[in-house]
Amino acid sequence: MNKTALLCFLMVWTVSPHLLGQVRFEATLSKNELGINERLRVEFTMNQDGDNFRPPSFDDFRVVAGPNQSVSNMFVNGKRSFSKSYTYFLTPLKKGKLSIGQASIEIEGQRYKTSQLSVEVKNAVDLPKNPNDPNYIAAENLHLVVELSKNKAYINEPITVLYKLYFGGNVRPSDVNAIDMPEYNDFWSQDIPSRRTIERGMYKGKQYNYVIWQQTVLYPQREGKLPIAPLTLDVQLDVPTKRRDFFGNQVYTQVSRIVSAGKRSLTVIPFPEEGKPASFSGAVGSFEFDVTTSKAALNASESLQAVVSVKGNGNLKLFSLPELVTPSALERYDPEHNEQVKTTLSGMRGSKEDSYTLVPQFQGKYPIPAVEFSYFDPSTKTYKTLRSEELIIDVLEGPKIAGSPTPTTPIVTGSTVNSNAFQFIAQRTNFKPIAQRPFFGSTLYYALLFTPIVLLFLYRLLRNRKPDAMRVAQRNKARLVKKFLGKAKRSMSESTLFYVALEQALHNYVKARLQIQMTEFSKEKMEILLTKKGVDTQTVALFIRVLTNCEFARYTPSSKSSMEQDYNIAVEAITQMDKQF
């Protein structure tokens with residue numbers, strides 16, 4: 001028994017000395033709290049040699065240096081001491097409680113992981129002012145400044161925001177990356193491209209080089225004191241040292257630095273209530289307004305274009321044009337909207353218009369009432385109202401409205417009625433009794449008897465001429481497609497224009513067939529109206545499917561095959577509904 005126990009002890013001792021020690025693999029931080037302008041050292045240490053080291057991702061940090069590997073293998077009094085480490089130097093990219101994930105290592109076929117660590121990143125701290133320290137030189141010669149064109153503005157008045165990156169003449173930015181882009185939650189915003197050329201300017205009484213890194217135009221959307229979030233950049237700088245190379249040129253060292261523009265706020269003034277016109281819909285700037293028609297006289301069933309247009313300087317993309325009101329005898333289709341707007345540092349400039357297609361149904365003269373357009377002028381701090389002229393549409397030829405006066409029927413007003421005016425009306429009747437004749441054997445009897453036979457014969461005859469009926473159906477289908485879907489087919493080269501034209505064509509078809517005028521025409525309303533008119537559910541579902549695809553196409557690009565498929569579905573839906581109507 002003693003020999004067996006001794007043999008087992010020797011086997012355990014000689015198989016692996018690692019069985020007598022426990023594997024340790026851990027991560028340590030140089031500090032648990034630091035400023036956003038300080039560095040953090042992270043060290044991953046193990047007491048046994050391993051392979052396939054995998055560091056964490058360091059998502060909230062930028063790796064300044066590392067990994068630096070070190071190995072220590074010592075024997076003291078016959079005992080072996082082993083240590084291996086990987087060291088990283090990091091700079092935080094944002095403030096708050098940041099996490100450092102798990103690292104892993106493979107030791108003798110087993111994978112070990114460190115624990116997850118966290119560090120608190122606070123505001124920037126004062127660093128030691130060593131004039132020879134590259135980090136101090138970078139901090140003194142690099143600044144990011146935000147400039148506003150004005151500190152107070154009205155709602156929808158343009159504001160220009162400039163982010164300028166200043167750097168001293170003895171440092172050179174080599175790489176710049178944005179970390180936190182500003183979010184303009186209470187503004188309509190548009191970035192204006194900048195050439196980022198180096199210019200000279202004064203900052204805090206000192207001459208600097210500077211680059212306009214970003215320039216944005218803002219239109220505030222609500223009143224109050226609105227914050228403007230800062231921009232944060234990660235800048236790689238080449239900082240000069242006191243060393244010289246072999247040829248006497250100055251040696252530069254690279255330093256990374258995070259700079260952030262300070263927080264700014266804008267005071268937004270509400271519109272004055274005094275003198276606000278009823279037709280004011282949020283337009284701000286200086287505009288011209290007009291309503292024009294392509295024709296002043298035409299025949300019934302011909303068409304003309306009535307255009308409501310606004311041009312000038314202001315928030316052209318942020319308000320709707322006033323709606324054109326027309327008489328019921330003029331069939332009006334949904335307007336085609338067109339914008340020619342350019343946004344510069346001074347704001348929006350250009351024009352926008354709504355073009356209505358009008359089709360008169362009857363002969364006569366039809367007035368188009370004057371249209372009002374109001375806007376607020378921030379330069380004079382007053383409201384201004386523009387009014388178009390009343391237009392007369394003269395329909396020369398066409399059917400007349402029942403009961404309307406004709407040129408041969410004079411209209412008499414203010415005349416005294418003559419007592420003999422109604423003498424032409426007969427006052428005595430000359431009725432005769434109707435002779436009673438038997439029904440059987442009469443003409444009506446034989447007509448009713450043979451009419452079903454004749455109708456059956458005509459039905460068989462028309463059925464045998466089915467190819468002609470099919471050709472008629474094809475002609476009707478082509479007529480519908482040309483009338484309502486022609487513009488959509490011509491716009492297949494551009495996805496956005498195609499789906500806008502397709503959606504307008506479907507709306508116009510339903511309005512024309514149902515003879516209705518609606519400003520808000522949702523899919524749910526159309527589905528209810530079509531079902532009430534007897535269109536089967538399958539055709540209605542096909543129609544709604546095309547409208548849904550038109551809405552989705554506003555946000556996602558569509559291929560040529562998708563546009564052709566939606567066009568064919570629209571043709572099928574319109575054809576089927578026309579048959580059922």
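The values are calculated or read from the model by the stated rules, or taken from the named source; none is laboratory data. As the structure is a computational prediction, the values presented were derived from the model and not from experiment. Don't worry about glycine lacking a Cβ; one is built from the backbone with ideal geometry, like all the others, and counts go over all protein chains shown.
Quick notes on this one:
- Residue that is surrounded by the fewest Cβ atoms within 10 Å (Cβ to Cβ) [pool: residues in region 341-382 that are outside any strand (DSSP E or B) and either small (Gly, Ala, Ser) or in the same structural domain as Ala505 (by TED's automatic domain parsing) (or both)]: Ser379
- All positions within region 58-78 that are exposed (fewer than 10 other Cβ atoms within 10 Å of the Cβ) and either aliphatic (A, V, I, L, M) or under 30 Å from Lys94 (Cα atoms) (or both): Val71, Met74, Val76
- Among the residues of region 206-260, the ones that are in a strand (DSSP E or B) and within 30 Å of Asn151 (Cβ to Cβ) come to 28 in all.
- Taken as a whole, the condition of being modelled with pLDDT of 75 or more, over 30 Å from Ala178 (Cα atoms) and of a type in the set (D, E, K, R) does not apply to Lys31.
- So Val310, is it in contact (Cβ under 8 Å) with a residue 12 or more places away in the chain, closer than 29 Å to Ser189 by Cα, surrounded by fewer than 17 Cβ atoms within 10 Å (Cβ to Cβ) and β-branched (Val, Ile, Thr): no
- Qualifying residue in region 89-106 (condition: surrounded by 15 or more Cβ atoms within 10 Å (Cβ to Cβ), closer than 27 Å to Ala178 by Cα and hydroxyl-bearing (Ser, Thr, Tyr)): yes
- Verdict on Ile569 being surrounded by 11 or more Cβ atoms within 10 Å (Cβ to Cβ), assigned to a helix (DSSP H, G or I) and modelled with pLDDT under 85: no
- Options Ala501, Ala473, Ala469; residue that is modelled with pLDDT of 75 or more, among the aliphatic types (A, V, I, L, M) and part of a helix (DSSP H, G or I): Ala501
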